[in-house]
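The next block holds one structure in the form of structure tokens; read it before the comments.
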2 protein chains.
Amino acid sequence: MSGTLYGIGLGPGDPELMTLKAHRLISNARVIAYPAPDSGDSFARSIAANALPEGVREIPIVVPMRVDRFPAQEIYDKAAEDIAAVLETGEDVVTLCEGDPFFFGSFMYLFERLSDRFPIEVVPGVTSLTACAAQLRRPLTARNDVLTVIPGPLPDLDIRAKIEEAQAVAIMKVGRHLPRLKALLDGMGLLDKAGYVERASLPEQKVHRLVDLEVDAAPYFSMILIYKGDEAWTLPPSYSS
Amino acid sequence: MSGTLYGIGLGPGDPELMTLKAHRLISNARVIAYPAPDSGDSFARSIAANALPEGVREIPIVVPMRVDRFPAQEIYDKAAEDIAAVLETGEDVVTLCEGDPFFFGSFMYLFERLSDRFPIEVVPGVTSLTACAAQLRRPLTARNDVLTVIPGPLPDLDIRAKIEEAQAVAIMKVGRHLPRLKALLDGMGLLDKAGYVERASLPEQKVHRLVDLEVDAAPYFSMILIYKGDEAWTLPPSYSS
């Protein structure tokens, strides 16, 4: 009997936005795996830190932090083999995932390598999408709105075309694309309908109207939400953070 | 000092997919509000039932279950006044919301009536979107995919145009639109890339390839996910449920 590979969504960052199920599985884990940068702490591990049991075995998956590049496949080949070796002994492996494992998550790289060989359970988590909407104090989607979620690294032309067709829009992974995206939205006359959130739900969270944002660099975990549908509406001038 | 209105995302249905924060706030609530049908149990209340404290005061917001119609505004005018009367005494009101309060949720009807008068906190929850992807065992979005979320009640022409432009697609609120949507996707040659999930994460959950689904009626809480991006891929023939 082999072990089960769990992909556990941890939510956007506040450990209290973890689900009860995630908390139970992590609290009982004997082996965990998680993505980690080549220097500094693992964000995923930091969300789960207070729930980790004594003596848990840890398999960090070290992925160099290069924005906009998808990690070298060899890193996941190696991680999948390390995890497979544990699963083969009958032990479960709990993989810690920021947000939701199947929403722009790196868990897919393990899933595609191991799902033919081992039982896998994915535990969904709160995504940054709705965490950011909560902080912007504006419903993400209402009634019969169409929502379009666009990765910020895509070319301007693609992003512009998607936004033109959309009603509610989320641009993920803003990061170093912030100045370009801000200029694009300014050209489209949408700056006053756009909100910006970085590190949603963490103590260092920032929430702004995009038009008020004066920095030119954003962390990878940042998002722009645009409310096109409501013609008369603009984002209010102030937020609590 | 007035009380705070909480909008609490409960997740897709499994009480264990509630967040720790939702659980804490509900466990300590003195007054709760929730949407309820005109006959039968409230789905939102049922998710939270085991966390409710003894003697909690309940404000059911009775909304007649008519698919595709948005509830009469008078119902929310009245509910907002009932809730305001509690908040004015300094007591908090915890509103129970299926999924996430700001993702196609009826909490927005309270929010728009009360956010100018009272402090409001929205606690995001796991959406059916990622809960369904977890059950279909397929990443919802990967790398730089664009995701489009489409309400099923929209007209065929609109849905077709949105799907043509999209990569990953979710169609929400399938309900009685199932036969129409299935015919539409068949005509677009997409049936073998579409998965169907109803009542995700509940014991009565159903998960199927859309092409295998032989019923013509779906509950309101049902979803179709379409993976257009990967040309070579089709949904596997069997699921565990």
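Please treat every number below as a calculation from the coordinates, not as lab data. Computed from a prediction, not measured in an experiment: that's the story for all the values here. Glycine also receives a Cβ, built like all others from the backbone with ideal geometry; neighbour counts cover every protein chain displayed.
Rounded, prolate or oblate: which fits region A:128-227 when a ≥ b ≥ c are the square roots of the eigenvalues of the alpha-carbon gyration tensor, with rounded for a/c under 1.5 and prolate only if a/b beats b/c? Since a/c reaches 1.5 but b/c is at least a/b, the shape of region A:128-227 is classed as oblate.
Placing a label point 7 Å from the Cα of B:ARG160 along the Cα-to-Cβ direction, the distances to the matching points in the other copies come to 2.9 nm, shortest first. A dipole drawn for the protein assembly as shown from +1 and -1 charges on Cβ atoms has a positive end, and of A:VAL174, B:PRO119, B:PRO64 the residue lying farthest that way is A:VAL174. For the protein assembly as shown, the percent of C-alpha pairs falling in each 10 Å distance bin, counted from 0 to the bin holding the largest distance, reads 4, 20, 31, 28, 14, 2, 0. Rounded to the nearest 20, the Cβ-based charge dipole of the protein assembly as shown about its Cα centre (Lys and Arg +1, Asp and Glu -1) stands at 160 debye. If you take every DSSP beta bridge whose two residues both sit in the protein assembly as shown, what share of them, in percent to the nearest 5, is antiparallel? The antiparallel proportion sits near 40 percent.
Secondary-structure-derived ellipticity at 222 nm for chain B, considering helices only, amounts to -8000 deg cm²/dmol, per-run term -39500 (n - 2.57) for DSSP H runs with n ≥ 4.
Averaged over peptide B:95-103, how many Cβ atoms belonging to another chain are found within 10 Å of each residue's Cβ? It would help to have the intermediate numbers written out before the result.
Numbers: counts 0, 0, 0, 0, 1, 10, 5, 13, 10.
For peptide B:95-103, the averaged partner shielding equals 4.
Plainly put, the tip 7 Å out from Cα toward Cβ on A:ARG24 is 2.0 nm from that tip on each other copy, the closest given first. Dipole size of region A:5-123 about its Cα centre, with +1 on Lys/Arg Cβ and -1 on Asp/Glu Cβ: approximately 80 debye, rounded to the nearest 20.
Inter-copy label distances for A:ASP192: 5.2 nm (label point placed 7 Å from Cα along Cα→Cβ; shortest first).
A DSSP coil position with no more than 14 other Cβ atoms inside 10 Å describes the following trypsin sites (Lys or Arg not before Pro) in region A:72-136: A:ARG117.
In what sequence do A:ASP82, B:ASP38 fall when counting other Cβ within 10 Å, fewest first?
Values: A:ASP82 14, B:ASP38 9.
Fewest-to-most ranking of A:ASP82, B:ASP38: B:ASP38, A:ASP82.
In a Gaussian network model over chain B where Cα atoms closer than 10 Å are linked, find which of B:PRO153, B:PRO15, B:PRO203 has the largest mean-square fluctuation. So, out of B:PRO153, B:PRO15, B:PRO203, the one fluctuating most is B:PRO203.
With Rh defined as the Kirkwood radius, the inverse of the mean 1/r over Cα pairs, the Rg/Rh of region A:110-178 is 1.09.
Comparing A:ALA49, A:ALA168, A:ALA36 in a Gaussian network model of chain A where C-alpha atoms under 10 Å apart are linked, the largest mean-square fluctuation is found at A:ALA49.
Straight-distance candidates among the lysines for linking to B:LYS193, with alpha-carbon spacing under 23 Å and chain neighbours fewer than 8 residues away dropped: A:LYS162, B:LYS162, B:LYS173, B:LYS182, B:LYS206, B:LYS228. Computed on chain B, with alpha-carbon pairs under 8 angstrom and 6+ residues apart, the relative contact order is 21 percent. Mean-square fluctuation check for chain B, GNM, Cα pairs under 10 Å: which of B:SER39, B:SER128, B:SER201 is largest? Result: B:SER39 has the largest fluctuation of those listed.
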